[in-house]
1. Counting Lys and Arg as +1 and Asp and Glu as -1, each charge on the Cβ, what is the dipole of the range 3-217 about the Cα centre in debye, to the nearest 20?
2. Mind putting together the pair-distance distribution for the range 31-125? All Cα pairs, 5 Å bins, whole percent per bin, short to long.
3. Which ordering of Trp4, Trp173 is given by a fewest-first count of other beta-carbon atoms within 10 Å?
4. Over the chain, what is the mean sequence separation of C-alpha contacts under 8 Å (at least six apart), divided by residue count, expressed as relative contact order in percent?
5. How are the alpha carbon pair distances in the range 90-219 distributed across 10 Å bins from zero to the largest one, expressed in percent?
6. Based on the alpha-carbon set only, what is the convex hull volume of the range 73-156 divided per residue, in Å³?
7. Suppose the chain between Ile15 and Val195 were pulled fully straight at 0.36 nm per residue; how much longer would it get relative to their current alpha carbon spacing?
8. Compute the distance in nm between two label points, each set 7 Å from the Cα along the Cα-to-Cβ direction, one at Arg43 and one at Val147.
Amino acid sequence: MSLWESILMRTEEPISLWERILLRAVVHPSGLLGRLGGIVMARTGRQMSERAVELLDVQPSDRVLEIGFGPGVGIQLLAKSVSSGSVAGIDLSEVMVEQAKARNAAGIRTGRVELRRGSAESLPYENATFDKAMAINSMHLWPDAVVGLQEIRRVVKPGGRLVLGFHLLKRSWTAEVREGVTEVLPAAGFTDARVVDVDEEEEFYVIAINPGDMDEAAI
Ligand SMILES: C[S@@+](CC[C@H](N)C(=O)[O-])C[C@H]1O[C@@H](n2cnc3c(N)ncnc32)[C@H](O)[C@@H]1O
């Protein structure tokens, strides 16, 4: 079960009709509502993507992966930061892949950006492909966050950095994710986890390192 499902099962927060519609549009975007959700996320999520890219400390030659890229604003920012490197992205939603491909058409044409439909739990990349990875408002939606994070460890080089960002609709939900992240990151083998608060209850990021000392064959 995803962290998100367990939060929804236990939440005592009242959820208005408008909030329910918004959640349906952005949690697993599909159909017309998902397309609208993508438009909303592209407008409201830019600042979080900017912060995550900054925390990732992207170098010009880096190969970077974004998981759950949604409308592709983060991918666009990453592509601007890598002059000789490359950016790959994976998202479960067909409509988000479409929107992100349209937004990143120039980068895809030049071969600097590659976007695919797929899931965090089964990443279609070779071991140690990337220098860095990020996921914004996505990890809590993965059916098994530990498995998804282990997959990221597999495809990120030893010593590589992961940045996760979160800002949920309700403060109490963000707080629950915060607790969950501190459990799943070490369970997946990430070390040196450091929380960066923008607003302690509203929005936070976690930076963690792939120590690369796990038996790679076991991952
Ligand atoms: C709330 S949206 C965030 C989108 C974007 N990162 C942003 O901040 O604007 C969550 C995204 O994660 C994707 N997602 C959910 N579960 C996923 C999974 N298991 N693997 C990959 N992507 C997933 C969804 O399709 C959606 O695009």
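1. Values: 24 positive and 31 negative charges, 208 e Å.
The dipole magnitude comes to about 1000 debye.
2. That works out to 3, 15, 26, 25, 21, 9, 2, 0, in percent per bin.
3. Values: Trp4 23, Trp173 19.
Lowest to highest Cβ neighbour count: Trp173, Trp4.
4. Details: 435 pairs, mean separation 40.3, N = 219.
It comes to 18 percent, rounded to a whole number.
5. Per 10 Å bin, starting at zero, the Cα-Cα P(r) for the range 90-219 comes out as 12, 40, 34, 13, 0 percent.
6. Working: hull volume 7.6 nm³, N = 84.
Roughly 90 Å³ of hull volume per residue.
7. Details: separation 180, 0.36 × 180 = 64.80 nm, distance 2.78 nm.
Full extension of this stretch gives 62.0 nm more.
8. 3.7 nm
Readers should treat all values here as calculations from the given coordinates under stated rules, not as data from a laboratory. Treat the numbers as computed from the prediction; the structure is a model and nothing was measured. Every residue, glycine among them, receives a Cβ derived from its backbone with ideal geometry; neighbour counts consider all protein chains shown.
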